[in-house]
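So the structure is just underneath, and the comments pick up after that.
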């Protein structure tokens with residue numbers, strides 16, 4: 001064994017008697033263990049909630065969205081469609097048009113809704129409408145002279161409507177036209193073909209109609225709001241965004257799934273890393289005991305240090321002995337704490353041991369957990385760096401001892 005490692009282990013794990021030094025060392029290891037385990041568990045829970053919210057949002061949000069940069073609508077060109085079709089990372093893309101309208105049912109105006117005009121054959125694959133559909137069908141084509149519409153489950157409950165009923169939509173442009181032309185407002189009538197559920201975050205006031213029907217209703221033929229894009233691998237979103245932005249130029253704005261909900265995702269990341277730095281204080285307090293215990297070892301073993309120097313050990317080697325002791329404490333604490341944190345996180349992920357309060361009204365019953373290898377590495381690396389920094393002062397003090405003076409007074 002390396003002499004430096006042997007001496008460091010001997011000083012740290014001496015079995016002669018229980019002393020204040022050994023007590024402080026045990027406290028240091030226990031503190032690092034608890035801090036490391038808590039950090040891994042808490043960060044895993046934050047990751048779990050992030051993945052949960054991300055999954056909810058991506059049931060409606062695309063991986064990438066292309067929109068006009070300076071205006072609400074634009075006329076698509078063949079070059080844009082060809083560009084999207086030529087990118088191999090893109091699995092599916094679909095144009096859409098969105099706007100607001102007043103929804104009228106049984107002769108009364110009931111609710112302001114977000115109207116989304118889509119191409120059903122592509123867009124409903126993009127958001128997996130087959131899985132989201134609760135009743136009816138997602139056929140938006142014209143039948144018996146009327147186009148189809150599908151509405152959110154919450155809206156059907158509020159208005160008491162279902163497949164087979166008729167709804168009317170009135171746009172702001174229609175209201176303005178009626179005022180300027182002194183005529184009654186023009187309502188566009190649709191047959192309710194089905195209802196869907198895309199999480200309560202989204203589906204409350206969204207209705208889907210055919211893209212061409214939306215363009216006629218808003219009197220904007222041939223124009224769209226943008227393209228929604230689904231990728232084969234969501235991890236390619238940033239690279240595909242950059243490629244599209246370069247090809248389309250400044251006239252278009254290309255956003256990834258993160259950009260579309262950036263304030264929410266940013267807040268969740270800030271909360272996660274704030275918790276990381278706050279919980280690191282636990283490790284920091286435990287690490288302070290390393291300073292005390294190693295300093296006491298330096299004072300207690302000053303004669304031994306003088307003897308080692310007289311045998312030819314250099315100050316650098318003496319310094320390494322005490323740095324190695326601090327690292328041993330960190331490795332033991334991080335090893336036990338890391339395994340404990342991973343074990344608890346895995347158990348929660350597998351069996352849902354800790355339940356959410358009021359889970360009967362939420363979409364999950366237990367705290368979600370997602371173990372991230374990068375987070376675990378950062379926790380262990382951060383704890384070890386703190387241990388190394390705490391060992392630096394005692395190590396420097398030991399290396400600065402003068403053998404002749406230490407042995408003379410001993």
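The values are calculated or read from the model by the stated rules, or taken from the named source; none is laboratory data. Note that the structure is predicted; figures quoted are calculated from it, not measured. Note that each Cβ is placed from the backbone with ideal geometry, even for glycine, and that neighbours are counted across all protein chains shown.
Within the stretch 150-160, is even one residue in contact with a strand residue (DSSP E or B) (Cβ under 8 Å, 6 or more places away or on another chain) and at pLDDT 90 or above?
yes
Note down all Cβ pairs under 9 Å where the first residue falls in the stretch 328-353 and is outside the structural domain of residue 385 (by TED's automatic domain parsing), the second is buried (at least 17 other Cβ atoms within 10 Å of the Cβ), and they're at least six residues apart or on different chains.
Note: no pairs meet the criteria.
Select from the stretch 88-112 the residues that are under 30 Å from the mean Cα position of the chain (by Cα) and either within 30 Å of residue 268 (Cα to Cα) or buried (at least 16 other Cβ atoms within 10 Å of the Cβ) (or both) and list them in ascending order.
Hits for the stretch 88-112 are 89, 90, 91, 92, 93, 94, 95, 96, 97, 98, 99.
List the pairs whose first member sits in the stretch 129-147 and is in the same structural domain as residue 193 (by TED's automatic domain parsing), whose second member is loosely packed, with under 14 Cβ neighbours inside 10 Å, and whose Cβ atoms are under 8 Å apart, counting only residues at least 6 apart or on separate chains?
As it stands, the answer is 138/130; 146/189; 147/141, since those pairs meet every condition given.
Given the criteria free of Cβ contacts under 8 Å to residues at least 12 places away in the same chain and over 30 Å from residue 403 (Cα atoms), does residue 314 qualify?
no
May I ask you to verify whether residue 73 is touching a helix residue (DSSP H, G or I) at 6+ places or on another chain (Cβ under 6 Å), surrounded by fewer than 20 Cβ atoms within 10 Å (Cβ to Cβ), in contact (Cβ under 8 Å) with a residue 24 or more places away in the chain and over 30 Å from residue 343 (Cα atoms)?
Working: touching a helix residue (DSSP H, G or I) at 6+ places or on another chain (Cβ under 6 Å): no; surrounded by fewer than 20 Cβ atoms within 10 Å (Cβ to Cβ): yes; in contact (Cβ under 8 Å) with a residue 24 or more places away in the chain: yes; over 30 Å from residue 343 (Cα atoms): yes.
Criteria not met by residue 73.
Among the residues that make up the stretch 36-55, is at least one of them at pLDDT 90 or above, assigned to a loop (DSSP other than H, G, I, E, B), over 30 Å from residue 190 (Cα atoms) and out of contact with any strand residue (DSSP E or B) (no Cβ under 6 Å at 6 or more places or on another chain)?
No, the conditions are met nowhere in the stretch 36-55.
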